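What follows is a single structure, written as structure tokens, with notes after it.
The values are calculated or read from the model by the stated rules, or taken from the named source; none is laboratory data. Because the structure is predicted, anything quoted here is derived from the model rather than measured. Using ideal geometry, Cβ is built from the backbone for each residue, glycine included, and neighbour counts are taken over all protein chains shown.
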Amino acid sequence: MGVIGISLRFHDSFDSAVARGIIEYAKGKRDWSLRGSGGGLRPLRFSGKDKCDAIITRIESEDDADRYASMGIPIVDIAGAHTRQTIHRVQNDDFATGRRAGEYVRRLGARSFAYCGVPEVHWSRQRLLGFAEAAGIAVDRIPRFERSLAWWQQSNQTPVLHSWLKQLPRATALFCCNDTAGVKVLAHCGDIAREIPADITLLGVDDEDLLCTLCNPSLSSVRLDCATIGYRSAALVDELLEVESPRSFDHQHTLLIAPQEVVERESTTVVLERDAVVARAVQFIRSHYSKPIGVEDVVSACSVSRRSLEVRFKQARGVTIHREITERRLEQACRLLKQTDLTIETIASECAFPNVQRFHVLFKRHHGVTPGFWRSQ
């Protein structure tokens, strides 16, 4: 029988969702016994009575990394804050998370960008680098405010953050490394009368549903695929325990799990295009792309000539109005393919494609594979 330790803190929904993924995998392993630190799992104290064959954990300090590295059993870390050669990692793809955020705010029309994060930790740095790449700006040109995780978790108001926020130009897209930082920034913006989303468009990470919806305005956030992180962590443990000598691995395993979509709430419900007519067109498309609209409908909503709108739209957005509509529909199609069991035909209809054949053509042109193959991957 394999004893698998789950050493998580369960302070947030991230750990809970990861644990659900681990448990889902463990259902098929009758010879496994889970021993852990949250929910109905027994406390894991690493005493003589708590010997484990492998451990899935969330390492967030140098001391923890050193301690786990010395245990001589397979260790799988889900955080990615600290690395050790003998510790395996299954974690969120933080660079892709930053890219997802940057691509999202670019579509809103953002031209000014800023970042709030945690210094000297791998995952925060990767989110910043991905954000900068997607924003199309050198990372050292992005204003950033970085403090420890413990600092962000404190609810007190701080003049230094007030001062930094005051310096940001109006209509800045501010990406926060997680929702905890996002909520703290949101509160500080209220203190200095910086209006969200008009003055600062704010985006977090983790999609902590209660945290994001209880604040005012509610916080948009990049959702992570935590259950898959847990499931793949357990699968990696299973693989590691199959080797003859689990104490001597010749290389570290690192698996990156792609983030999911941006969950849009009030903190990003504004279009930042400087051209008010283009902003109106983008807002109309965002609100109506799931209906059978075309370019003429967008033109009618903006009360300008078709030629004028097409030229201004292409100059501001870099794509045609028709392409903008198609891209929004394809994004929604990807969400439905990944998160539901709806048929391809139903998804094509839900996303307002004229027919399933046209959906297949556009999807393959954009992603290089068919909708069915994309879903299977």
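The sole residue among His367, His288, His360 that is in contact with a Cys (Cβ under 9 Å, 6 or more places away or on another chain) and not assigned by TED's automatic domain parsing to the domain that holds Arg111 is His367.
Pairs linking a residue in region 138-155 that is farther than 15 Å from Tyr115 by Cα to a residue that is surrounded by 12 or more Cβ atoms within 10 Å (Cβ to Cβ), with Cβ atoms under 7 Å and 6 or more positions apart or on different chains, are Gln153/Thr180. Total residues in region 79-103 satisfying the condition of being over 25 Å from Val18 (Cα atoms) and crowded, with 23+ Cβ neighbours inside 10 Å: the figure is 1. The single condition from (1) in contact with a Leu (Cβ under 6 Å, 6 or more places away or on another chain); (2) without any contact (Cβ under 8 Å) to a residue 24 or more places away in the chain; (3) among the β-branched types (Val, Ile, Thr) that Val118 fails is (2). Across region 81-119, the qualifying residues are those that are of a type in the set (Gly, Ala, Ser) and assigned to a strand (DSSP E or B), and the one among them that is farthest from Gln260 (Cα to Cα) is Ser112. Gln126 meets the stated requirement of being under 20 Å from Asp179 (Cβ atoms) and under 15 Å from the mean Cα position of the chain (by Cα).
Quick one: in region 283-307, which of the residues that are at pLDDT 90 or above and either among the charged types (D, E, K, R) or touching a strand residue (DSSP E or B) at 6+ places or on another chain (Cβ under 7 Å) (or both) is surrounded by the most Cβ atoms within 10 Å (Cβ to Cβ)? Out of the qualifying residues, it is Asp297. If you scan region 127-143, which residues turn out to be of a type outside the set (A, V, I, L, M) and either buried (at least 19 other Cβ atoms within 10 Å of the Cβ) or outside the structural domain of Ala114 (by TED's automatic domain parsing) (or both)? Those that are of a type outside the set (A, V, I, L, M) and either buried (at least 19 other Cβ atoms within 10 Å of the Cβ) or outside the structural domain of Ala114 (by TED's automatic domain parsing) (or both): Arg127, Gly130, Phe131. Kindly indicate whether Glu296 is part of a helix (DSSP H, G or I), out of contact with any Phe, Trp or Tyr (no Cβ under 8 Å at 6 or more places or on another chain), in contact (Cβ under 8 Å) with a residue 60 or more places away in the chain and charged (D, E, K, R). Judged against the criteria, Glu296 is not a match.
Conditions tested, residue by residue: (1) over 30 Å from Ala187 (Cα atoms); (2) free of Cβ contacts under 8 Å to residues at least 60 places away in the same chain; (3) surrounded by fewer than 21 Cβ atoms within 10 Å (Cβ to Cβ).
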{"residue": "Asp206", "(1), (2), (3)": "no, no, no"}
{"residue": "Asp209", "(1), (2), (3)": "no, no, yes"}
{"residue": "Pro217", "(1), (2), (3)": "no, yes, yes"}
{"residue": "Ser221", "(1), (2), (3)": "no, yes, no"}
{"residue": "Cys226", "(1), (2), (3)": "no, no, no"}
{"residue": "Gly230", "(1), (2), (3)": "yes, no, no"}
{"residue": "Ser233", "(1), (2), (3)": "yes, no, no"}
{"residue": "Glu239", "(1), (2), (3)": "yes, yes, yes"}
{"residue": "Val243", "(1), (2), (3)": "yes, yes, yes"}
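Of the residues Arg280, Arg274, Arg375, only one is surrounded by 16 or more Cβ atoms within 10 Å (Cβ to Cβ), in contact (Cβ under 8 Å) with a residue 24 or more places away in the chain and of a type in the set (Lys, Arg); which? After ruling out the rest, the residue left standing is Arg375. Residues satisfying the criterion are present in region 107-128 (criterion: among the aliphatic types (A, V, I, L, M), touching a Gly at 6+ places or on another chain (Cβ under 7 Å) and modelled with pLDDT of 95 or more).
Within region 328-342, identify whether any single residue is farther than 23 Å from Val222 by Cα, within 28 Å of the chain's Cα centre (by Cα), buried (at least 17 other Cβ atoms within 10 Å of the Cβ) and not aromatic (Phe, Trp, Tyr), and answer yes or no. Scanning region 328-342, I find no residue that is farther than 23 Å from Val222 by Cα, within 28 Å of the chain's Cα centre (by Cα), buried (at least 17 other Cβ atoms within 10 Å of the Cβ) and not aromatic (Phe, Trp, Tyr), so the answer is no. Among the criteria (1) hydrophobic (A, V, I, L, M, F, W, C); (2) surrounded by 17 or more Cβ atoms within 10 Å (Cβ to Cβ); (3) over 16 Å from Ile200 (Cα atoms), the one Val160 does not fulfil is (2). Pairs meeting the criteria (first residue in region 169-181 and without any contact (Cβ under 8 Å) to a residue 60 or more places away in the chain, second residue part of a strand (DSSP E or B), beta carbons under 7 Å, at least 6 apart or on different chains) are Pro169/Ser112; Asn178/Gly204; Asn178/Val205; Asp179/Gly204; Asp179/Val205; Asp179/Ser221.
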